């Protein structure tokens, strides 16, 4: 019989934690901001939490890289998309259909908020604004998110439909942006693409489960996809800014084909037709937003705006 | 651990004789070793563990709510990311603990059903509301701090899967406590309003956090047996005392006042004397008359009920995939 010894690693951990809890924490916490993220080293695959967005330097090219006005605007577009989507997904944590999904949707939201922070940090440098200045102190018309990301969570099928479109779009976008002439954007994209690759896998698996699961889930998946599909087109519109950023930005219209090529096999396997219905005229890149953004920002910004100048 | 096979012809000769399995269990406990899922264990030991581990799991899950309440309103993106990660960690802790309980022969569904039916208990502390951002600090500093004091000794609990789950959980809780401390520190270094927010929050959470260690030792019916079984290592009052000893210097660093006028160092005993805990309030909240009991369960039940069709879909899909791969049925005709 192998009797585990009490003097093994368990004891080490215990001692370690006791030390933390019993006083060491005072000076430690006072001097070390918990910016190091979690060390869940032993977790496998993507299923771990890593607040790497908390420490930005890892994904940002530090140094003289202040974006030009146009690049800053472009970074703002992408940052707002991720921020708004992360804000929506964060709602699910503690409300998901099963614990595993609380964790999965939480992971995705955390990845997205990491991308948003990098992009907003980079965007803000040009106008001497921090990521929080941009997130909390802009008004609705100053946001640049596309309407897809602003759409409400709906039921789980709506959230999955939104994730399916968003993750496939973002994957194609970041795959190409990783080759951008702008080193900072390229670095952010190179990191983000690995994460959104997992997001699209997560979404694809749920599209299949819901579409091929029960009659009810299938009906809901069809409804969710139909409700979100109208917001696909806006993602592929080439705004004038793109013409001025040749080689730096990815031309949205070039992403339509690859994104569709990635989504089509999943829809085929799921036995789902491409929805043919409304097409939203969009306008997020110009500050014209869906009705959902106002309440979302009101909630997101309420505390920060109640305490101007405070730091948290 | 593996048990050496027990010869079948050995049977207890009288009701008072100890069976070989039981002797083995007693020996393992006496040697301060681990009991593993396949080992024989007394029914009462199993029941105690199922109760304790499932209550602990439920506490993690319900405990997601007071903090989840602030994810969408966190006042900076950094804080939002940290808070999301923290609440998500709690879901992970719930999962480890449900898994540990499952090794004792109960299913996650049974435990979930008991929770949403209001039949299972969870830590009473989560029946208090989190009206301000400072509560994210107090929950981390005080609630997670108390949890760590309670849980670190559980890493050595005699039941292997529980002890091992607690090792992982304690590592993360320790990190959570630092985050809470840091939130409060930032507030205490901030504006007058922020300092007031922090102090008000500490005032609200301090006493409930002390109650987390459970009733005083002379009023804790299950403690003695749990200590005999090496599930529990220190008494409720010992742990509470240790916690307060840890808090006092930290409160000084923060600049917050702990809301106990009777709290003072006792030179003779070498511990802090503290004021009387309001056990009436504790029992009231425990009996379902706390500020947020109904809301916590309702939200858990809503999530569970609203997710039912999703879980059913996942199960149906998995069945169809399994059938398809074994070639026994091609049931995807509905969508062909």
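Bear in mind these aren't lab numbers, they're just calculated from the coordinates by the rules spelled out. Quick caveat: nothing in here was measured; it's all calculated off a predicted structure. Here Cβ is always computed from backbone atoms with ideal geometry, including for glycine, and neighbour counts include all displayed protein chains.
Go ahead and set up a Gaussian network model of chain B, Cα springs under 10 Å, then flag whichever of B:50, B:167, B:18 fluctuates most.
Of B:50, B:167, B:18, the Gaussian network model singles out B:18 as fluctuating most.
Evaluate the distance, in nm, between pseudo-label points positioned 7 Å from the Cα of residue B:279 and of residue B:51 along their respective Cα→Cβ axes.
According to this spin-label approximation, the distance is 1.8 nm.
Is region B:21-331 best put as rounded, prolate or oblate by its Cα gyration tensor, with a ≥ b ≥ c the root eigenvalues, rounded for a/c under 1.5, and otherwise prolate when a/b is larger than b/c, oblate when not?
Numbers: a/c = 2.07, a/b = 1.26, b/c = 1.65.
Verdict is oblate for region B:21-331.
Could you please rank A:303, B:184, A:241, placing first whichever residue has the fewest other Cβ atoms within 10 Å of its Cβ?
Result, fewest neighbours first: A:241, A:303, B:184.
Enter the mean number of other protein chain beta carbons within 10 Å of the beta carbon of each residue in A:176-188, as an integer.
Numbers: counts 0, 0, 0, 0, 0, 0, 0, 0, 0, 0, 0, 0, 0.
What the average comes to for A:176-188 is 0.
What average number of partner chain Cβ atoms lie no more than 10 Å from the Cβ of the residues making up B:67-74? If you can, show how the numbers build up before the last one.
Numbers: counts 2, 8, 1, 1, 10, 9, 7, 7.
Average per residue, whole number: 6.
Could you check the spin-label model distance between residue B:217 and residue B:238? Points 7 Å from the Cα along Cα→Cβ, value in nm.
Result: 0.8 nm between the two label points.
Using a Gaussian network model on chain B with a 10 Å cutoff between Cα atoms, which of B:267, B:193, B:60 fluctuates the most?
Of B:267, B:193, B:60, the Gaussian network model singles out B:267 as fluctuating most.
How much length, in nm to one decimal, is gained on full extension between residue B:189 and residue B:18, taken as 0.36 nm per residue of separation minus their Cα-Cα distance?
Result: 55.3 nm gained on full extension.
How well do other chains shield peptide B:286-294, expressed as the mean number of their Cβ atoms within 10 Å of each residue Cβ?
Mean partner shielding for this stretch: 0.
Run the quick spin-label model on residue A:251 and residue B:196: label points 7 Å from Cα toward the beta carbon, then report their separation in nm to one decimal.
Here the modelled spin labels are 5.9 nm apart.
Taking the Cβ of each residue in A:177, B:187, B:263 as the centre, tally the other Cβ atoms inside 10 Å and list the residues starting with the fewest.
B:263, A:177, B:187
Using only the Cα atoms of the protein assembly as shown, what do you get for the radius of gyration and for Dmax, in Å?
Radius of gyration, then largest Cα-Cα span, for the protein assembly as shown: 26.9, 93 Å.
Can you work out the FRET efficiency for the pair residue B:268 and residue A:298, with r the C-beta to C-beta distance and R0 = 41 Å, to the nearest 0.05?
That gives a FRET efficiency of 0.10.
State the extension gain, in nm to one decimal, for the chain segment bounded by residue B:312 and residue B:227, taking 0.36 nm per residue of separation less the distance between their alpha-carbons.
Details: separation 85, 0.36 × 85 = 30.60 nm, distance 4.19 nm.
Extra length from residue B:312 to residue B:227 when fully extended: 26.4 nm.
Using Cα-Cα distances under 8 Å and only pairs 6 or more residues apart, what relative contact order does region B:141-192 have, in percent?
43 percent
Tell me, what is the FRET efficiency for residue B:117 and residue A:219 to the nearest 0.05, using R0 = 25 angstrom and their Cβ-Cβ distance as r?
0.30
Counting other beta carbons within 10 Å of each residue's own, what order do B:162, B:206 fall into, fewest first? Each step should come with its number before you reach the end.
Working: B:162 24, B:206 21.
Lowest count first: B:206, B:162.
I need the calculated FRET efficiency for the pair residue B:325 and residue B:99, taking r as the beta carbon distance and R₀ as 35 Å, to the nearest 0.05.
Rounded to the nearest 0.05, the efficiency is 0.85.
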